[in-house]
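A short write-up of the structure that comes next.
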Amino acid sequence: MKLNILVTAGDGIGPEVTGEAVAALKEIAVLGGHDFAFTEKRIGGVAIVQDGTPLPADTLEAALASDAVLLGAVGGNEFNALPPDKRPEGGLLAIRAALGGFANLRPCFSFKELAVNSPLRPEVIDGTDIMFVRELLGGAYFGKPRQWDKEKGVGYNTMVYTKDEVVRVARVAFKKLTSVDKANVLEVSQLWRAAVTEVAAEFPDVTLEHQYVDAMAMHIMNRPRDFDVVVTENLFGDILTDESGVITGSLGMLPSATIGGKVNLYEPVHGSAPDIAGKGLANPLGAILTGALILRHSGGLEAEAAAIEAAVRKVLEQGFRTADLARGNMQGLTVLSTKEMGAKVREVVKQALVRA
Ligand code: NAD
């Protein structure tokens, strides 16, 4: 398998965690005889400083010419006074829009070993394995008109969806599907529900249920094991996936993939964490699991993706933790730096793939 991967590491802990994800992918390439080529380009604050823009033209060009883009994180306090499109986050929104991915896949899972890190009881979260499919290019984040009219003291946004936008994301999601909307109050949600129900006819083997977003926020906390795939619009997806992060126990564990556009975009869910940048404290597991999603969705390498996911579980079982995971009773646990954790995962991946 040949893959050209563009790495836009970005700011803060971005370079540290993507470094470990790339090292894991290189290990997979060596073990399986695959040809993965990596190119590095700037995005975010580092690009503002060196190129005067958060998304330089050559970064975008390289992204469009690649098979997959691995993005670290962008952002830094020194850029907070800039207008929205000039800030590091402006580069992130611009690359997402240019690549055109509309379905943001955000797996949410529990790790038995990390149950102590979650505020929810272990018996509630144990065995949770949900795939959120968040619509990423529509809804209130893009709808017009939008304005904060400071003179009149009024602000508004428009949550708008076309039927086609709902149908294409629903098709990605059909498995055992829960569709989340607010159809009891919002017309845009009534369209959402009708369009998803129409797509259901194409997937007769799949069970479909609908949930209102307010109820869903509660169900995820009470009975997360009951959900398999959850499809929802942009704003609801933003909120529900962050809420579900408490099941896993640390932001540093969560991967994501955005598919359906010209080039798939892969990012760990967390931000640039300036508070811990450059100290070797960052948890690279979310970025490494993001590497597994590249193998699955851009490389079609399911066994290799599963090997990385299994290796992450194994190192946790063996008692290895990064600082963000080291809470509660530390007996029998070993705290590792970013690089040490990356190396542990590679060691286990190697053992598993060489044995297979
Ligand atoms: P954050 O995700 O960067 O950090 C939140 C907290 O979680 C911090 O205490 C941080 O130390 C911790 N954390 C995050 N990732 C971690 C990891 N891998 N290992 C260990 N601990 C980790 O969110 P924030 O503090 O709200 O934002 C910081 C900057 O990141 C801001 O500029 C924000 O705009 C930006 N941001 C970028 C993205 C992105 O690039 N996709 C996403 C969210 C925030």
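The values are calculated or read from the model by the stated rules, or taken from the named source; none is laboratory data. Since the structure is predicted, the reported quantities are computational estimates derived from the model, not experimental observations. Neighbour counts are summed over all protein chains in view; Cβ atoms, including those assigned to glycine, are modelled from backbone coordinates with ideal geometry. In case anyone asks, the SASA skips ligands and DNA or RNA and just uses the protein heavy atoms, side chains included. Shrake-Rupley method; radii C 1.70, N 1.55, O 1.52, S 1.80 Å.
A crude spin-label estimate for the pair E347 and A65, with each label 7 Å from Cα along the Cβ direction, gives 4.0 nm. What the phi angles of region 96-108 give under the Karplus curve with 6.51, -1.76 and 1.60, with θ = phi - 60°, is a coupling list of 4, 5, 5, 6, x, x, 10, 10, 9, 8, 10, x, 10 Hz, glycine and proline written as x. In order along region 213-227, the phi-based Karplus estimate (6.51 cos²θ - 1.76 cosθ + 1.60, θ = phi - 60°) of 3J(HN,Hα) comes to 4, 5, 5, 4, 4, 7, 4, 4, 6, 8, 8, x, 5, 6, 10 Hz; Gly and Pro are listed as x.
For region 130-287, averaging the sequence separation of C-alpha pairs within contact (under 8 Å, six or more residues apart) and dividing by the residue count gives a relative contact order of 25 percent.
Which net charge results when you count Lys and Arg as +1 and Asp and Glu as -1 among the other residues whose beta-carbon is under 11 Å from that of A200? Could the numbers behind the result be given before it?
Numbers: positive: R171, R193; negative: E198, E202, D205, E209.
Once positives and negatives cancel, what remains is -2.
Which peptide among 124-137, 180-193 comes first, and what is the full order, when sorted by highest mean count of other Cβ atoms within 10 Å?
124-137, 180-193
Remark: the K2-Q50 segment gains 14.1 nm on full extension, using 0.36 nm per residue and subtracting the alpha carbon distance.
Here the dipole of the chain is about 320 debye; that uses its Cα centre as origin and unit charges on the Cβ of Lys and Arg (positive) and Asp and Glu (negative).
For the chain, the antiparallel share of DSSP beta bridges with both residues in that region comes to about 35%.
As a rough guide to protection, the peptides 271-284, 109-122 ranked by mean Cβ packing within 10 Å, highest first, stand as 271-284, 109-122.
If you take the Cα centroid of region 296-351 and the Cα centroid of region 237-283, the two points sit 16 Å apart. Between amide H atoms placed 1.01 Å from N, distances below 5 Å from T334 occur with F320, R321, all of them 5 or more places distant or on a separate chain. Sequence-distant contacts, meaning Cα pairs under 8 Å at least 6 residues apart, place the relative contact order of region 129-203 at 25 percent.
Only Cα pairs under 8 Å and 6+ residues apart enter the sum, and on that basis the relative contact order of region 187-275 stands at 15 percent. Here each label is just a point 7 Å from Cα along the line to Cβ, and for A201 and V154 those points are 4.1 nm apart.
How do the peptides 158-168, 64-74 rank, highest first, by the average count of neighbouring beta carbon atoms within 10 Å per residue?
64-74, 158-168
Expressed as a whole percentage, what fraction of the accessible surface of the chain belongs to carbon and sulfur atoms when a 1.4 Å probe is rolled over the protein heavy atoms?
For the chain, the apolar C and S fraction of the accessible surface comes to 54 percent.
Each residue of region 251-257 is assigned a 3J(HN,Hα), and the resulting list reads 4, x, 9, 9, x, 8, 9 Hz, derived from the Karplus form 6.51 cos²θ - 1.76 cosθ + 1.60 (θ = phi - 60°), x at Gly and Pro.
Tally Lys/Arg at +1 and Asp/Glu at -1 over every other residue whose Cβ is under 9 Å from the Cβ of L336; what's the total? Can you show the working numbers first?
Values: positive: R321, K339, K344; negative: E340.
Summing Lys/Arg as +1 and Asp/Glu as -1 gives +2.
Rolling a 1.4 Å probe across the protein heavy atoms gives the chain an accessible surface of 44 Å² per residue. Length gained on full extension, M330 to E243: 28.7 nm, using 0.36 nm per residue less the C-alpha separation.
With the charge dipole of region 115-268 set up from +1 on Lys and Arg Cβ and -1 on Asp and Glu Cβ about the Cα centre, the Cα lying farthest toward the positive end among the listed residues A194, S244, H210 is that of A194. Separation of region 118-179 from region 22-47 is 31 Å, based on Cα centroids.
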